[in-house]
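Quick one: the structure is below, and I'll ask about it shortly.
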Amino acid sequence: MIVRTLSSVKDAGNEVKSDGWTSRRYLLKKDGMGFSFHETIIKKGAVLEMEYKNHLEAVYCVKGHGTITDLIKNKTWLIEPGTMYALNKHDKHRLEGISEMVIMCVFNPPVTGQEVHKKDGSYPLLED
């Protein structure tokens, strides 16, 4: 069984910060679950363009409001508590924080914990 607290995630160095977001990585590749699990805080006013070329991601909003835009289809959805979206086709997208948002994210394949977005908005595939 794996049990982690916010303080244990921070103490392990598994809180990663970048422009517009903070990601707290609770489950990682080394945990052997086949996915990673993160709590991510999106700052109010953040505009993040991403395209996970190497990962699939599912996201569930627990706090705040924002929008997600499919940049290929030019379609936008409101994100609010209780909304889930899945990037099942490595979708190129833009996430915008209308207010500070707290989202819970699952990545497949799992991340190692220290990934940050490359210039193209993707995460690299890293080994432990």
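I'd like to check which strands (runs of 3 or more DSSP E) are fully inside the range 14-61 and have at least 1 residues that are among the polar types (S, T, N, Q). Steps first, answer last, please.
Working: elements: 15-18, 21-27, 36-42, 47-50.
Per the criteria, 15-18, 21-27, 36-42.
Does the range 3-23 contain at least one residue that is loosely packed, with under 11 Cβ neighbours inside 10 Å, of a type outside the set (Phe, Trp, Tyr) and touching a residue at least 24 places away in the same chain (Cβ under 8 Å)?
Looking for residues that are loosely packed, with under 11 Cβ neighbours inside 10 Å, of a type outside the set (Phe, Trp, Tyr) and touching a residue at least 24 places away in the same chain (Cβ under 8 Å), one finds at least one in the range 3-23, hence yes.
Any idea which of (1) free of Cβ contacts under 8 Å to residues at least 40 places away in the same chain; (2) aliphatic (A, V, I, L, M); (3) in contact with a strand residue (DSSP E or B) (Cβ under 7 Å, 6 or more places away or on another chain) is the one ALA58 doesn't satisfy?
Condition (1) is where ALA58 drops out.
Only one of (1) closer than 21 Å to LYS17 by Cβ; (2) modelled with pLDDT of 95 or more; (3) part of a loop (DSSP other than H, G, I, E, B) is not met by HIS117, so which one is it?
(2)
List the number of the failed condition for LYS44; all other conditions in (1) surrounded by 17 or more Cβ atoms within 10 Å (Cβ to Cβ); (2) charged (D, E, K, R); (3) farther than 16 Å from VAL111 by Cα hold.
Result: LYS44 passes all but (1).
Within the range 24-35, count every residue that is over 10 Å from the mean Cα position of the chain (by Cα) and either basic (Lys, Arg) or surrounded by 17 or more Cβ atoms within 10 Å (Cβ to Cβ) (or both).
Our first condition is that a residue be over 10 Å from the mean Cα position of the chain (by Cα); within the range 24-35, this holds for 26-35.
Now narrow it down to the ones that are either basic (Lys, Arg) or surrounded by 17 or more Cβ atoms within 10 Å (Cβ to Cβ) (or both): 26-30, 35.
Here the count works out to 6.
Tell me which of these THR67 doesn't satisfy, since it passes every other one: (1) in contact with a Leu (Cβ under 8 Å, 6 or more places away or on another chain); (2) part of a strand (DSSP E or B); (3) open to solvent by less than 20 Å² (accessible area, probe 1.4 Å).
Going through (1) in contact with a Leu (Cβ under 8 Å, 6 or more places away or on another chain); (2) part of a strand (DSSP E or B); (3) open to solvent by less than 20 Å² (accessible area, probe 1.4 Å) one by one, THR67 breaks only (3).
The values are calculated or read from the model by the stated rules, or taken from the named source; none is laboratory data. Note that the structure is a prediction, hence the values are computed from the model and not measured. Reconstructed Cβ throughout: ideal geometry from the backbone, glycine too, with neighbour counts over all protein chains shown. Each accessible area value is taken on the protein alone, full model and side chains, heavy atoms only, with ligands, DNA and RNA left out. Shrake-Rupley method; radii C 1.70, N 1.55, O 1.52, S 1.80 Å.
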